[in-house]
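K.L.:
Provided herewith is a single structure, encoded as structure tokens, for subsequent inquiry.
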Amino acid sequence: MTKLRAIVTGGAGFLGSHLCDAVLAEGHSVVAVDNLLTGNATNLEHLRHEPRFELRRVDICEPFDCGKVDYVFHLASPASPVDYTIHGIPTLRVGSVGTFNALEVARKYGAKFFLSSTSECYGDPEEHPQKESYWGHVNPIGPRSVYDEAKRFSEAATVAYRRYHKLETRIVRIFNTYGPRMQINDGRVVPNFMKQALRGEELTVYGDGKQTRSFCYVADEIDGLLRLAWSQEPGPVNIGNPSEFTILECAQKVLQVTGSKSQIKFLPLPPDDPKQRRPDISKARSILGWEPKVDLETGLKFSLDYFRQAVKELAAANSRGAR
Ligand SMILES: NC(=O)c1ccc[n+]([C@@H]2O[C@H](COP(=O)([O-])OP(=O)(O)OC[C@H]3O[C@@H](n4cnc5c(N)ncnc54)[C@H](O)[C@@H]3O)[C@@H](O)[C@H]2O)c1
């Protein structure tokens, strides 16, 4: 394959940093652009001396230009409920103005454009599992709307640039992904349970814990993203793990993998929390030949060292703060 120069917006985040690694591993060059709102430059520390890589601190809600590029991977956006609740308006802005600015970079250089969208586009789905053809069930004024509607708008903008400007575009709908480099405090299920289990605290389950989620290990997710990026398929394509677990089962797996003796505590369910979420991945299977390989227990084991270290660093930071 010809060697490309790619931009990864949100490159210092959890998925963005893994995507930078994967694109570099294929021999291409990468410019990560990130304003470090929810990401962390330490996720890219190992690339400090890589000549084919650079990190630019850029807020993509302002027009930006990193020179000629062949591919724009647009991942910038707060992604966890904790982050997009704190940063509600920046989330709406990055999904609207930021998406336009990223699309304009692709248009200027005739580059391909890849949008990381989300299963949240399906909202609290009335169809199960969710196929790409399902239009979703989203509350436009609920607490999650800053994220869900920003992503739905990003999809509309991407398709409009394809339709009106003939841009080559791809849209992936990412389902819950976990693994090393997730923020320990971002409130998502896996880091939350890992942190609580490793500290010997109670694991907090919202509602009766019977709501289901599917969890995809990061290496599988990135493999799916790149297969889509290099394919001719515009999408949207669901990339996620179709194995469904209740939140309670996930808590039990975390206890098993960490060997923790923590108890489980039940708290009231937050509003608009989806009851079921599971991708139908027939499209990814047939068009991309993709399916996840890492089951939840194995993925949790792969992630354990990272979360142990993150819990230690958090304790050290908290004790420095207390002094
Ligand atoms: N992790 C998941 O399970 C998941 C699921 C569905 C969709 N996604 C999508 O994948 C993408 C990455 O998610 P993640 O989990 O890595 O989140 P993350 O918060 O770790 O990464 C997002 C990155 O975007 C950066 N960013 C935010 N606003 C910006 C701005 N205005 N300018 C420049 N950079 C900005 C943040 O600093 C951060 O580094 C997001 O678009 C998210 O919607 C993730």
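K.L.:
Add +1 for every Lys or Arg and -1 for every Asp or Glu among the other residues with Cβ under 12 Å from the Cβ of ILE239, and state the total. Could you put the intermediate results ahead of the total?
P.N.:
Values: positive: ARG170, ARG173, ARG227, LYS283, ARG285; negative: GLU132, ASP220, GLU221, ASP223, GLU233, ASP280, GLU291.
Net charge around ILE239: -2.
K.L.:
Peptides 215-222, 162-169: what's the order by average Cβ count within 10 Å, highest mean first? It would help to have the intermediate numbers written out before the result.
P.N.:
Numbers: 215-222: 22.8, 162-169: 14.5.
Most protected by this proxy first, the peptides run 215-222, 162-169.
K.L.:
With an 8 Å cut-off on Cα pairs and a minimum separation of 6 or more residues, tell me the relative contact order of segment 66-112 in percent. Mind dumping the intermediate values first?
P.N.:
Values: 30 pairs, mean separation 28.3, N = 47.
About 60 percent, as a whole number.
K.L.:
What is the dipole size for segment 138-292, taken about its Cα centre, with +1 at each Lys and Arg Cβ and -1 at each Asp and Glu Cβ, in debye to the nearest 20?
P.N.:
Details: 23 positive and 18 negative charges, 32 e Å.
Approximately 160 debye in magnitude.
K.L.:
Still on this structure, I have one more. Suppose every Lys and Arg Cβ carries +1 and every Asp and Glu Cβ carries -1, with no other charges. What dipole size does the chain come out with about its Cα centre, to the nearest 20 debye? Numbers along the way, then the final one.
P.N.:
Details: 41 positive and 39 negative charges, 92 e Å.
So the magnitude is around 440 debye.
K.L.:
Between THR2 and ARG308, with labels modelled 7 Å along Cα→Cβ, what's the label distance in nm to one decimal, could you check?
P.N.:
Result: 4.7 nm between the two label points.
K.L.:
Under 5 Å between amide H atoms, partner at least 5 residues away or on a different chain: which partners does CYS216 have, H built in plane at 1.01 Å?
P.N.:
Placed amide hydrogens put THR177, TYR178, ASN241 under 5 Å from CYS216.
K.L.:
Give me the accessible area per residue for segment 142-213, probe 1.4 Å, as a whole number in Å².
P.N.:
Numbers: 2750 Å² over 72 residues.
Here the per-residue accessible area is 38 Å².
K.L.:
Do the alpha carbons of any pairs in LYS68/LYS112; LYS131/LYS166; LYS195/LYS312; LYS112/LYS283; LYS195/LYS301 sit beyond 19 Å of each other, and which pairs?
P.N.:
Numbers: LYS68/LYS112 12 Å; LYS131/LYS166 26 Å; LYS195/LYS312 10 Å; LYS112/LYS283 21 Å; LYS195/LYS301 14 Å.
Pairs exceeding 19 Å: LYS131/LYS166; LYS112/LYS283.
K.L.:
Highest mean first, how do 15-24, 191-200 rank when packing is the count of other Cβ atoms within 10 Å averaged over residues? The partial results should precede the final answer.
P.N.:
On the way: 15-24: 23.1, 191-200: 20.4.
Top of the packing list down: 15-24, 191-200.
K.L.:
Go through segment 163-174 residue by residue and turn each phi into a ³J(HN,Hα) via Karplus (6.51, -1.76, 1.60, θ = phi - 60°); whole Hz please, and just put x for glycine and proline.
P.N.:
5, 8, 10, 6, 5, 7, 10, 9, 10, 10, 9, 7
K.L.:
Of GLN256, LEU19, PRO234, which is farthest along the charge dipole of the chain in the positive direction, counting Lys and Arg as +1 and Asp and Glu as -1 at C-beta?
P.N.:
Projecting each Cα onto the dipole axis, the largest value belongs to LEU19.
K.L.:
While we're on this one: List, in order, the whole-Hz ³J(HN,Hα) value for each residue of segment 239-250 obtained from phi through the Karplus relation with A = 6.51, B = -1.76, C = 1.60 and θ = phi - 60°; use x for Gly and Pro.
P.N.:
10, x, 9, x, 5, 9, 10, 6, 4, 5, 4, 5
K.L.:
Given the C-alpha centroids of segment 136-179 and segment 69-92, what is the distance between them in whole angstrom?
P.N.:
First find each Cα centre; the distance between them is then 11 Å.
K.L.:
Reachable aspartates and glutamates from LYS275, Cα under 15 Å, same-chain residues fewer than 8 places away excluded?
P.N.:
List returned: GLU120, ASP124, GLU126, GLU127, ASP208, GLU244, GLU249.
K.L.:
How high is the relative contact order of the chain? Use alpha-carbon pairs under 8 Å, at least six apart in sequence, and give a whole percent. The partial results should precede the final answer.
P.N.:
On the way: 632 pairs, mean separation 53.1, N = 323.
Relative contact order, the chain: 16 percent.
The values are calculated or read from the model by the stated rules, or taken from the named source; none is laboratory data. The model shown is predicted, which means the values in this text are computed figures rather than measured ones. Note that we place each Cβ from the backbone using ideal geometry, even for glycine, and neighbour counts take in every protein chain shown. The area values use the complete protein model at the heavy-atom level, side chains included, leaving out ligands, DNA and RNA. Shrake-Rupley method; radii C 1.70, N 1.55, O 1.52, S 1.80 Å.
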